[in-house]
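**Q** If you scroll down you'll find the structure; I have some questions about it.
The values are calculated or read from the model by the stated rules, or taken from the named source; none is laboratory data. These numbers come from a predicted model, not from an experiment. Cβ: placed from backbone, ideal geometry, glycine included. Neighbour counts: every protein chain shown. Heads up: the accessible areas ignore ligands, DNA and RNA and are worked out on the full protein's heavy atoms, side chains in. Shrake-Rupley method; radii C 1.70, N 1.55, O 1.52, S 1.80 Å.
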Amino acid sequence: MITTTLFMNTLKLSALAVLAVLVLSCTTTTEPVKPITIDKTLVSTVTASNYAVELYADGAITVGYTPLYVRIRHNGLTLTDVHVLITPNMDMGSIHHTCPVEQDEEVAPDKDGLYHSAAIFTMASDVGWKVGITIHDHDIDTTFTVHIPIAVGNSGNTVTLKDASSTKYILTLKNAAWTVGMNDIMFNLYRTADGFDYTPVDDAEVSFAPTMPSMGHGSKGNVTPVATVGGWYVGRVNYTMTGDWQIALAVKTLDGQILTNNYQVVVR
Amino acid sequence: MSPLPTIVFLYVVTGVAAIAQDTLKTITVRTVVVEADPYSKPWRMDRPLSASSSVDDLMRLGGLSLIQRANGFAGEASMLGLRGGQMNTSIDGMKIHAACVDKMDPSTAYIELDNLSSMDVSSDATDLRYGQNLGGSVNFSLKQPTLATSLSSIVSMSTESNAALRRFRVDLSGGTETLGLRAGYTMRSADNMRAGDGQYISLSGFTKHNVQVGGLWKLSDRDALSATFIADVASDVGYPALIMDTRKADALIGAITWRSAWSPSINTSAKLYANSVTHTMDDYDRPLSQIASRAFMPNMHMPMLGTTHVFGLLAEGSIASSDNLIRTVIDVTYLDARATMSMIPLDTSVSTMQMTNIGDARVATAGVSASWEHSIDCDLSVRVGTRVDVSSRTLADASFRSVLGGYYPGMSLDRTAVALSVNVGAFYTVAEGVQLWTVVARSERMPTHLEMYGFWLYDPQANIVTIGRPDLANEKALSLDIGSTFRTDDMKLSVSGSMRHIDNYIAPVPSTDVPTQGQPPTRYMGSIGGADLMGFNANATVSITPWCSMQASVLGTWGTGITINDPLPLIAPMQGMVRAVVGDPMLQGEIIVTAAVAQSRASRLILPEDNTASWARADVLLAWMPLSQLRIQFACTNLFDTFYHEHTSINNMPSRGRSLNVGFRAVL
């Protein structure tokens with residue numbers, strides 16, 4: 001008798017347990033929302049007027065061509081119908097200047113809600129640079145600006161040279177994950193007279209020569225860069241081995257100015 | 001016992017030597033057969049005097065020149081001015097490709113004299129069985145197990161005073177009526193050698209181990225299956241004339257062969273084989289002062305790794321009748337070759353670099369050769385031979401393709417090459433014992449994978465860096481060989497000559513490029529136009545008495561790049577040899593004198609080299625057999641301690657000075 005009772009109790013408890021599992025299962029049919037993960041480095045977030053402005057980069061920001069990404073969140077939602085305009089500014093105390101920027105105000109954000117732009121930082125500074133981000137929200141027709149301080153590390157990818165007329169040229173080698181073999185190589189050329197207005201130079205003659213100073217040789221098969229748009233010149237470089245390479249750039253402007261610079265790159 | 005019939009150093013010129021069938025005449029033209037097995041004959045004109053013999057010594061006996069880069073180790077064969085891809089070197093018909101892009105490990109480095117039964121040298125472009133060549137073919141025949149022999153072992157040891165060369169060999173063999181087995185192990189080792197001027201050459205030692213295992217299974221009266229496996233490991237091989245040394249070089253060679261006698265006149269064989277070679281070299285043993293001051297890539301270590309893998313199928317067949325012999329060979333190979341180099345600067349602030357010298361080159365080649373020998377009458381025979389090869393070449397390393405492709409924009413790195421060679425020969429018996437022969441050949445060879453795809457390869461003698469060219473055209477040669485032999489019971493004389501014109505001679509094309517920062521100039525492989533080669537060879541063997549025989553030979557080769565008017569490089573000057581053997585099998589003495597005239601025809605453009613002085617050396621040997629199972633040998637090589645270097649010795653590396661050696665062989 002005792003055995004039978006025990007068996008019945010066990011059966012009942014088991015049935016209740018199964019029922020409980022079924023009920024609980026029915027109440028969790030909605031999948032948990034996976035948070036959006038952004039494969040970028042968050043530089044900083046600034047909040048203003050219930051807007052969270054997030055600035056992203058591909059990694060540590062260094063001198064040279066630097067893609068920047070901005071995401072705007074409002075009341076927990078990512079906005080996709082705004083205009084974003086970035087304006088880097090360098091405060092050197094008595095002197096201010098900006099740097100060349102590539103951006104398109106009309107461009108739509110990507111699937112993560114990131115607005116793409118790029119700046120060519122011309123000098124390194126831990127505290128001097130701020131990226132001004134102006135946002136216009138079309139839904140409520142409001143415009144505001146935030147300033148995000150950033151640290152810009154050293155690199156040799158951009159150099160500022162003066163010609164005989166004191167016009168400054170910004171010569172940039174677009175950094176890349178250089179590998180052995182033929183690589184696309186991109187140079188950028190901007191001109192400025194005042195440090196605020198930067199004009200892309202598309203009519204220069206650009207040539208380069210890769211060498212390995214530690215080896216004393218170069219390579220063959222390199223393709224002379226040709227101008228595309230926005231001051232960019234695209235060519236091909238043949239890295240025959242891994243290691244430290246030097247790219248000797250020579251630019252001849254339309255008025256005959258010769259500008260040169262050596263870039264150090266590492267091929268892996 | 002007359003020694004003449006047992007002299008194994010055979011110049012079978014115009015042979016018409018009967019084999020197999022009673023009436024069959026097989027024609028071997030200007031072929032040297034050197035027996036490698038010292039135990040097969042009581043006399044020993046088959047082997048060099050050195051008690052620590054190597055394949056290199058055997059090749060010298062066969063009339064080859066050796067391009068020497070180390071201390072009696074891994075010499076690169078050359079004959080009649082042909083070398084590299086112009087020659088075909090095979091082992092039982094198998095192709096083994098060097099893994100080192102700097103030619104430190106020719107295929108012959110991976111076999112031992114003890115692995116071989118004989119070496120066949122053909123210098124008239126008629127031997128196309130195992131590959132295209134312009135007139136030079138060397139095939140080494142491996143020892144095979146024997147059936148119906150009792151179990152026996154041989155222990156052989158020797159040592160030399162110079163470089164403390166020591167050699168140990170143990171051999172075990174035996175067989176039943178249907179199954180034969182054979183296994184052998186050889187160890188050779190040397191310290192730094194001493195040259196004739198008394199100076200020790202640092203980093204000239206080596207150590208080498210070789211194991212060969214073979215089996216023979218008689219399937220039926222007509223069929224037999226054999227298998228051979230060779231493992232060869234060399235370590236710490238010094239190359240004093242180069243800028244690096246071999247740290248380790250190993251090879252695994254395996255083959256399975258099925259032989260079948262379909263009838264007394266029809267024989268076939270099919271061989272499947274594979275081999276793998278790995279070669280590592282570095283300059284870690286070199287003093288830092290040398291690394292800092294060298295011309296090429298100073299101030300850095302540069303270890304290199306090279307590998308090759310070869311897979312092959314070799315099918316041979318022959319049909320014989322009383323007046324005809326037809327032979328065909330189907331020869332299929334697949335090669336995979338890679339080589340990389342690291343550069344580790346002594347300045348640790350500079351990044352380590354890595355370069356690919358051969359980026360996974362894949363070469364698949366299929367060839368068919370056929371020959372027909374026909375006896376028109378008892379005095380006149382003719383021979384016709386041909387071979388055609390189709391070869392597909394590519395690079396599988398995408399990164400390397402990108403690098404090399406950058407050097408040749410618009411040029412395809414993939415290629416299918418075809419080569420066709422034909423030859424015709426006539427052999428006429430003028431009178432009893434007197435034969436005349438002639439061969440006309442049109443030969444063609446495809447460029448090697450190194451010539452096509454080699455990147456940044458350094459030639460230490462010419463002090464140039466070379467880069468391959470994927471669209472290289474085939475080298476083509478037109479040659480005429482003539483010769484005569486006179487033979488009596490006690491004497492044999494032979495003389496032969498050859499003329500060869502080569503089109504599209506492949507070489508690093510001389511350039512006027514100005515090197516940067518004192519670095520060696522870079523050259524690109526290409527055609528330097530036409531080249532002419534001429535040569536002669538005369539031999540005499542005389543049995544003076546039943547206990548005394550003499551042999552003499554003289555040979556010379558001249559080569560000129562006629563388009564650029566420059567002597568062809570690495571051609572040995574005229575040289576001769578006189579050899580006398582006295583005694584009987586119980587007690588035998590031997591003296592050999594070798595001499596070469598000065599070489600003043602040095603290349604100045606193609607591969608710059610310098611002139612070489614004349615030299616002469618003498619070697620002596622005394623061999624004693626107190627028991628039929630025991631042989632004791634004493635020898636002295638370079639008796640007068642002559643200080644010299646051969647013209648084909650890279651960077652004038654001197655030859656070994658006087659060396660006393662002693663050894664024994666015991667049959668247990």
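**Q** Could you check, for the range B:37-50, whether at least one of its residues is surrounded by fewer than 24 Cβ atoms within 10 Å (Cβ to Cβ), modelled with pLDDT of 90 or more and within 23 Å of residue B:496 (Cβ to Cβ)?
**A** No, the range B:37-50 has no match at all.
**Q** Right, here's the next one. Conditions: (1) within 14 Å of another protein chain (Cβ to nearest Cβ); (2) surrounded by fewer than 18 Cβ atoms within 10 Å (Cβ to Cβ). Residue B:302 meets all but one. Number of the miss?
**A** Among (1) within 14 Å of another protein chain (Cβ to nearest Cβ); (2) surrounded by fewer than 18 Cβ atoms within 10 Å (Cβ to Cβ), residue B:302 violates only (2).
**Q** Still on this structure: For the range B:527-583, give me the residue count where each residue is closer than 17 Å to residue B:135 by Cα and touching a helix residue (DSSP H, G or I) at 6+ places or on another chain (Cβ under 6 Å).
**A** Matching residues across the range B:527-583 total 0.
**Q** Within the range A:187-205, is even one residue within 27 Å of residue B:350 (Cβ to Cβ), among the aromatic types (Phe, Trp, Tyr) and within 14 Å of chain B (Cβ to nearest Cβ)?
**A** No: the range A:187-205 contains no residue that is within 27 Å of residue B:350 (Cβ to Cβ), among the aromatic types (Phe, Trp, Tyr) and within 14 Å of chain B (Cβ to nearest Cβ).
**Q** Would you confirm, using the coordinates I've provided, whether residue B:163 is open to solvent by less than 10 Å² (accessible area, probe 1.4 Å) and of a type in the set (A, V, I, L, M)?
**A** yes
**Q** Considering (1) farther than 25 Å from residue B:296 by Cα; (2) within 14 Å of another protein chain (Cβ to nearest Cβ); (3) over 24 Å from the mean Cα position of the chain (by Cα); (4) open to solvent by less than 80 Å² (accessible area, probe 1.4 Å), say which one residue A:216 fails and leave the rest.
**A** All conditions pass for residue A:216, except number (1).
**Q** Name the single residue, out of those in the range B:253-283 being under 29 Å from the mean Cα position of the chain (by Cα) and open to solvent by 50 Å² or more (accessible area, probe 1.4 Å), that is nearest to residue B:221 (Cα to Cα).
**A** This residue is B:259.
**Q** To continue, here is another question. As an exercise: evaluate residue A:99 against (1) at pLDDT 95 or above; (2) among the hydrophobic types (A, V, I, L, M, F, W, C); (3) in contact with a His (Cβ under 7 Å, 6 or more places away or on another chain) and give the number of the one condition it does not meet.
**A** (3)
**Q** Given (1) open to solvent by less than 40 Å² (accessible area, probe 1.4 Å); (2) among the β-branched types (Val, Ile, Thr); (3) away from chain B (no Cβ under 14 Å), where does residue A:242 come up short, assuming only one miss?
**A** (3) is the only condition that residue A:242 fails.
**Q** Another question, if that's okay. Residue B:381 passes all but one of (1) more than 13 Å from chain A (Cβ to nearest Cβ); (2) under 27 Å from the mean Cα position of the chain (by Cα); (3) among the polar types (S, T, N, Q); which number fails?
**A** Just one mismatch for residue B:381, condition (2).
**Q** Can you give me the number of residues within the range B:629-644 that are closer than 16 Å to residue B:598 by Cα and open to solvent by 40 Å² or more (accessible area, probe 1.4 Å)?
**A** Final tally of qualifying residues: 1.
**Q** Given the structure, is residue B:477 assigned to a strand (DSSP E or B) and within 21 Å of residue B:445 (Cβ to Cβ)?
**A** Here the answer is yes, as residue B:477 does meet what is asked.
**Q** Related question: For the range B:431-457, how many residues meet the condition of being part of a strand (DSSP E or B) and either touching a residue at least 24 places away in the same chain (Cβ under 8 Å) or under 30 Å from residue B:525 (Cβ atoms) (or both)?
**A** Here the count works out to 13.
**Q** What pairs come up if the first residue lies in the range B:160-179 and is more than 15 Å from residue B:113 (Cα to Cα) and without any contact (Cβ under 8 Å) to a residue 60 or more places away in the chain, the second is among the polar types (S, T, N, Q) and not in a strand (DSSP E or B), and their beta carbons are under 8 Å apart, counting only those six or more places apart or on different chains?
**A** B:173/B:146; B:175/B:146
**Q** Can you name the residue in the range B:334-363 that is open to solvent by 70 Å² or more (accessible area, probe 1.4 Å) and in contact (Cβ under 8 Å) with a residue 12 or more places away in the chain and, of all such residues, is farthest from the other protein chains (Cβ to nearest Cβ)?
**A** Once the filter is applied, the top-ranked residue is B:334.
**Q** Out of everything in the range B:310-324 that is in a strand (DSSP E or B) and more than 11 Å from residue B:267 (Cβ to Cβ), what residue ends up being modelled with the lowest pLDDT?
**A** B:324
**Q** Hey, can you tell me all the residues within the range B:522-540 that are open to solvent by less than 20 Å² (accessible area, probe 1.4 Å) and under 20 Å from residue B:595 (Cβ atoms)?
**A** Matches in the range B:522-540: B:535, B:539.
**Q** For the range B:387-416, which positions are crowded, with 17+ Cβ neighbours inside 10 Å, more than 9 Å from every other protein chain (Cβ to nearest Cβ) and out of contact with any Phe, Trp or Tyr (no Cβ under 7 Å at 6 or more places or on another chain)?
**A** Hits for the range B:387-416 are B:387, B:388, B:389, B:391, B:393, B:394, B:397, B:413, B:415.
Here's the yes/no breakdown for (1) within 14 Å of chain B (Cβ to nearest Cβ); (2) touching a strand residue (DSSP E or B) at 6+ places or on another chain (Cβ under 6 Å); (3) part of a strand (DSSP E or B):
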| site | (1), (2), (3) |
| --- | --- |
| A:155 | no, yes, no |
| A:169 | no, yes, yes |
| A:177 | yes, no, no |
| A:185 | yes, yes, yes |
| A:233 | no, yes, yes |
| A:236 | yes, yes, yes |
| A:250 | no, yes, yes |
| A:254 | no, no, no |
